[in-house]
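Working notes for the structure below.
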Amino acid sequence: NENTVIELAPGVNDIRFTGAGVTSTSNRAIPGEPFGVLFGTRWLRDAENNILVNDAGYPIFDPQQPGIIGDPNPDWTMGIRNSLTYKGLYLSALLDIREGGDIFNGTVGVMKNLGIHASTENREEEMVWAGVRESDGAVNTTPIKLDREFYSRYPFAGVSEANIEDGSWFRLREVTLSYRLPQTWFSGSPLGSLEIGFSGRNLILITDYSGVDPETNLAGASNSFGRDWFNSPGTRSYGVNVKAQF
C-alpha cells in the first residue's frame, strides 16, 4: 500500500501528528513524501550528504536542521492461514509477515546514553566514524571510542537518525487446535457434540529489530506510529475453550 501526500492547505509546509513521548522525533505529513514519515534530529552533513565530524573524530549533531529520517510504512504485509482437518481433529495457524517499515528506537538511544545497553559493553574498542572533517573536508581517519565521551555529546535519546531500525517481522500470529469427541460417546444423552480446543496468539516472533517487538506504537492507536520509547511489550496469550451442542 504505497501512498504519497499530494498537498496541504496553502501556507502549511507540514503537519506534525500529536502524540505522546519524545518530542525530538515525530510523524509528519509532508507534500511529496509518504504519509507519516519519521521526522527528527540528524547528523550535520555537507552538500554531498557526507556526515561531518570534528577534528577529534566525533560526528557533529545538527540541532538546527531536523529532517526526514525514515518511513514507518511497510513495503508490504502478508497473512497466510492454513488449516487441517482430520476426523475430529482441527488445526489452524496464521502466519503474519511484514517487510520493511522504519522504527525509531528511542529506548535503545537512552540505554546507550546511560551505558546500560549491550552494545556499550566494549568501551575500549576504537572505531573510525564514516564521514569528512568539517574543518577541511578530508576523509575522517581519527579513531574514537563509543564510551561516555561519545554519548554525552548528544541528546538523552541520542540523535534520532542514529536510532532508526528496520521493523520487518515474521510471526506465528495464531494457532488453534481442537478436537470434536465422537458422537457415539453421547448416544442416549441430551448432549449432541462436544469440542475441546486450545489456542495461542503471538507464539513466535522472528525479527532483526533490537527492541521488544516492532509491533509497537508510542502514541497508541493514532496517526503517529513507528516510535518506540520504553513502550510496553506485546503479549503472548493462551486460551482453552469448550463447545457443547445439545
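Laid out as a table, the results:
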quantity: Among (1) in contact (Cβ under 8 Å) with a residue 40 or more places away in the chain; (2) within 23 Å of SER232 (Cβ to Cβ), the one test that MET111 misses; calculated: (1)
quantity: Considering residues of the range 14-40 that are open to solvent by less than 20 Å² (accessible area, probe 1.4 Å) and either without any contact (Cβ under 8 Å) to a residue 24 or more places away in the chain or hydroxyl-bearing (Ser, Thr, Tyr) (or both) only, the residue farthest from ILE144 (Cα to Cα); calculated: SER26
quantity: Residue within the range 153-170 that is surrounded by fewer than 16 Cβ atoms within 10 Å (Cβ to Cβ) and β-branched (Val, Ile, Thr) present; calculated: no
quantity: Set ILE97, ILE60: member being β-branched (Val, Ile, Thr), open to solvent by less than 50 Å² (accessible area, probe 1.4 Å), closer than 21 Å to ASP213 by Cβ and out of contact with any helix residue (DSSP H, G or I) (no Cβ under 7 Å at 6 or more places or on another chain); calculated: ILE97
quantity: Qualifying residue in the range 181-204 (condition: small (Gly, Ala, Ser), at pLDDT 90 or above, within 23 Å of LYS112 (Cα to Cα) and crowded, with 16+ Cβ neighbours inside 10 Å); calculated: no
quantity: Residues satisfying the stated conditions in the range 1-13, i.e. out of contact with any Phe, Trp or Tyr (no Cβ under 9 Å at 6 or more places or on another chain) and loosely packed, with under 13 Cβ neighbours inside 10 Å; calculated: GLU2, ILE6, GLU7, ALA9, PRO10, GLY11, VAL12, ASN13
quantity: Qualifying position, being out of contact with any strand residue (DSSP E or B) (no Cβ under 9 Å at 6 or more places or on another chain), surrounded by fewer than 17 Cβ atoms within 10 Å (Cβ to Cβ) and either without any contact (Cβ under 8 Å) to a residue 40 or more places away in the chain or of a type in the set (A, V, I, L, M) (or both), among ARG123, ARG148; calculated: ARG148
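The values are calculated or read from the model by the stated rules, or taken from the named source; none is laboratory data. Bear in mind the structure is a predicted one, so any value in this text is a computation, not a measurement. Every residue, glycine as well, gets a Cβ built from its backbone with ideal geometry; the counts of neighbours run over all protein chains shown. Just the protein is used for accessible areas: all its heavy atoms, side chains included, with ligands, DNA and RNA removed. Shrake-Rupley method; radii C 1.70, N 1.55, O 1.52, S 1.80 Å.
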